[in-house]
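Student: Take a look at this one; I'll ask things after.
The values are calculated or read from the model by the stated rules, or taken from the named source; none is laboratory data. What you see is a predicted model; the values in this text were computed from it and never measured. Positions of Cβ are backbone-derived with ideal geometry, glycine not excepted, and every protein chain shown enters the neighbour counts. Surface accessibility is based on the protein's heavy atoms, side chains included, excluding ligands, DNA and RNA. Shrake-Rupley method; radii C 1.70, N 1.55, O 1.52, S 1.80 Å.
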Amino acid sequence: MRTGAATARRAARRVRGDAVLSAQQTEPALNALRAGEAYLAITYHYSFRSQTLPDGLESEFLAADPLVLLAPPPAHAGVERDGLRALADADWIAAAEGAPSIDSLLHNCRAAGFAPQIAHRIDNFGDMARLVEAGAGVTIVPRLAVPRELSHLVAGSVAHGTRQISVSRRRGTAGHPAVATVVHALKAVIRDRAAAPLP
């Protein structure tokens, strides 16, 4: 999760000591926790899916990250008037089949009454935003994943779903000083980032 790695880097700057960061998807990150190869993992799931943690792990909720529509600014007026339906004929940018975020895009488009024409597949939200900036299409991503310099692409929030961000750890380690310090720093970083208003 690239957003998680960036958040962890900012959090690591707020604490003393060495921190080794590894960007992984949720399942490998949880496996690393179980194997004792990591102390913490920033994990996420979408609100329309449940998350079951492996035995021996626990998680603490950090933030609900709303989903937003990214589109070139000239399309924003149509979206304000007609919602997602205004982009029914647009080229869409989505993650690869099987990625959790693809469900959020498909669910929202179907709720608006159309099936999206997926023209590009890419697994990094920042790169999706850059493709929108280049005029290659439109997409739906979590708000915290939008690079600040591309926030002008946000056409508004979408109706269905949020990305639920948590920090996961081995059960019984919450009181460890280093773990508690990093979790505290993560909460502060995410709170600061989430407080930035939508354009």
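Student: If you take the Cα Rg of region 40-199 and divide it by 2.2 N^0.38 Å, with N the number of residues, what do you get?
Tutor: For region 40-199, the normalised Cα radius of gyration comes out at 1.13.
Student: In percent, how large is the relative contact order of region 61-199, given Cα pairs closer than 8 Å and 6 or more residues apart?
Tutor: Averaging sequence separation for qualifying contacts and normalising by length gives 38 percent for region 61-199.
Student: Which sequence of 39, 44 reflects their accessible areas, 1.4 Å probe, from the largest down?
Tutor: 39, 44
Student: Oh, and also: Measure of size requested: the Rg and Dmax of region 40-96, with Cα atoms as the atom set and Å as the unit; please supply both.
Tutor: So, for region 40-96, Rg and Dmax equal 17.1, 50 Å respectively.
Student: Mind giving me the nanometre distance, one decimal, between the label points for residue 181 and residue 119, set 7 Å out from Cα along Cα→Cβ?
Tutor: It is 5.0 nm.
Student: On to the next question. For region 26-104, report the accessible area per residue in Å² (1.4 Å probe, heavy atoms, rounded to an integer).
Tutor: Using a 1.4 Å probe on heavy atoms only, each residue of region 26-104 averages 50 Å².
Student: Additional query: Can you send over the solvent-accessible area of residue 184, 1.4 Å probe, protein chains only, in Å² to the nearest 10?
Tutor: Surface open to solvent at residue 184 totals about 130 Å².
Student: Using only the alpha carbon atoms of region 118-187, find the Kirkwood hydrodynamic radius as the inverse mean reciprocal pair distance, in angstroms to one decimal.
Tutor: It is 14.9 Å.
Student: How many angstrom lie between the C-alpha centres of region 89-113 and region 23-49?
Tutor: Spelled out, the Cα-based centre of one part sits 24 Å from the other.
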